[in-house]
1. Out of the stretch 87-116, which residues are of a type in the set (S, T, N, Q) and under 23 Å from Thr285 (Cβ atoms)?
2. Residues that are more than 27 Å from the chain's Cα centre (by Cα), β-branched (Val, Ile, Thr) and outside any loop (DSSP other than H, G, I, E, B): does the stretch 139-162 have at least one?
3. Name the residue, out of Leu188, Leu193, that is in contact (Cβ under 8 Å) with a residue 60 or more places away in the chain, of a type in the set (A, V, I, L, M) and crowded, with 19+ Cβ neighbours inside 10 Å.
4. Go through (1) closer than 30 Å to Gly278 by Cβ; (2) within 22 Å of the chain's Cα centre (by Cα); (3) open to solvent by less than 50 Å² (accessible area, probe 1.4 Å); (4) modelled with pLDDT of 90 or more for Ile200 and report which single condition fails.
5. Report every pair of residues separated by at least 6 positions or lying on different chains whose Cβ atoms are under 6 Å apart, first residue within the stretch 82-108 and surrounded by 15 or more Cβ atoms within 10 Å (Cβ to Cβ), second of a type in the set (Phe, Trp, Tyr).
6. If you scan the stretch 290-330, which residues turn out to be more than 14 Å from Gly219 (Cα to Cα) and small (Gly, Ala, Ser)?
7. Looking only at strands (runs of 3 or more DSSP E) that lie completely in the stretch 10-59, which have at least 3 residues being open to solvent by less than 40 Å² (accessible area, probe 1.4 Å) and under 18 Å from Leu165 (Cα atoms)?
8. Among the residues of the stretch 137-146, which ones are in contact with a helix residue (DSSP H, G or I) (Cβ under 6 Å, 6 or more places away or on another chain) and surrounded by 15 or more Cβ atoms within 10 Å (Cβ to Cβ)?
Amino acid sequence: MPNKVERVKTAYPGVYYIMGKATDGRPERIYYIFYRKGGKQVEEKAGRQFQNDMTPARASQLRTRRIEGAPSNQERRDAARQEVWTLTRLWEEYSAHKPITKGLTVDKSRFLKFIVPTLGNKEPLELSPVDLDRLRIGVAKNHAPQTVKHVIALLARIINHGARLGLCPGLRFKAPTIKVHNIKTEDLSPKQLAALMEAINEEYDYQAANFMRMPLCTGMRRGELFKLQWQHIDFEKGFIHIIGPKGGKDQIIPLNQVAREVLESHPRDDDSPFVFPGRGGRQRTRRPRRIDAIRERAGLPRDFRPLHGLRHVYASMLASSGQVDLFVLQKLLTHKSASMTMRYAHLRDDALRRASDLAGDLLGQAMTGHNLHVANLRKEK
């Protein structure tokens, strides 16, 4: 560490930072920790403010682990030069650096199920394009292309993580690109939608009925309805707060009149904060059972997804109206990327085309009337 760089102490003992620059040019704090181990003073970089999401509290926790015996970064690098880093060991190192989330749980399941059986004991240097191709073929036998894509991407992430830490070399070749064409946009004809609304209105299970009404009038996802609490609904200002959506950050969507009427008439469970509570008032983890019965009574196709499909119906109605642009639609659907919203672009194009055709028809009628008027004037002369 250069002596001329100013070290700024924090409120945590043994934790300080210096000022640096992030990749985008912003000022960024770079945190360091120092402690005694084996009679020697150790100074170690803890991480960067933005790049590593490092804070003084996290740096202090890292310092505590080091004092209690956890190896330092330098000790790990020294040990790595003498140790064999198989994919299984790299996974352990990779997962140890990640917060415990649903995504990490899914990654662990994929790693254990698909990668460990054939490649778990191999080092990255031992891998060949044939190994990854066999992995691809093996997963593809009984799983969708999207799963194949996730497995290959996970393998690459694990190896790249190890390479960044100096534990192993990176892949010597480019991982195969998996093409996925699984975008499914469901829609209902006016007749089908009318039959569905009739079946919903006849349903005695108000939880199931309203669980289907909400995505149809707001476009909310199933998981968002699971998490929805009464405190997330602002009846006064007319907004619904979407907590932890698929896109990541919390979002706000308007509370339209139909959704307002659904929620205001929906019975509340005094023992639960959730709008659609599960067993014991806890957060629901499964959709109401009667939903499939409603779909069948409405005569909808069996492959129509009764919740996600209704989200598509909501989006399709707005896009085909010609009155909602794709940017607004993206915000309403809380899509993280505009590419997801582009699946509805053709519906808006159709609406614009119909509007253009109408303008052409009106103009044609006007021109025909004008020509008849001119012809009549000529006859009178």
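1. Matches in the stretch 87-116: Thr101, Thr105, Ser109.
2. For the stretch 139-162, residues more than 27 Å from the chain's Cα centre (by Cα), β-branched (Val, Ile, Thr) and outside any loop (DSSP other than H, G, I, E, B): absent.
3. Result: Leu188 is the single residue among Leu188, Leu193 that is in contact (Cβ under 8 Å) with a residue 60 or more places away in the chain, of a type in the set (A, V, I, L, M) and crowded, with 19+ Cβ neighbours inside 10 Å.
4. Failing condition for Ile200: (2).
5. Trp91/Phe111
6. Ala293, Ala298, Gly299, Ser320, Ser321, Gly322
7. Because the criterion is at least 3 residues that are open to solvent by less than 40 Å² (accessible area, probe 1.4 Å) and under 18 Å from Leu165 (Cα atoms), the strands (runs of 3 or more DSSP E) in the stretch 10-59 that meet it are 27-37, 40-48.
8. Within the stretch 137-146, just Val139 meets the criteria.
The values are calculated or read from the model by the stated rules, or taken from the named source; none is laboratory data. Nothing here was measured: the structure is a model prediction, and the numbers come from that model. Here the Cβ is made from the backbone with ideal geometry for all residues, glycine too, and neighbour counts use every protein chain on show. All accessible areas refer to the heavy atoms of the entire protein, side chains included, with ligands and DNA or RNA removed. Shrake-Rupley method; radii C 1.70, N 1.55, O 1.52, S 1.80 Å.
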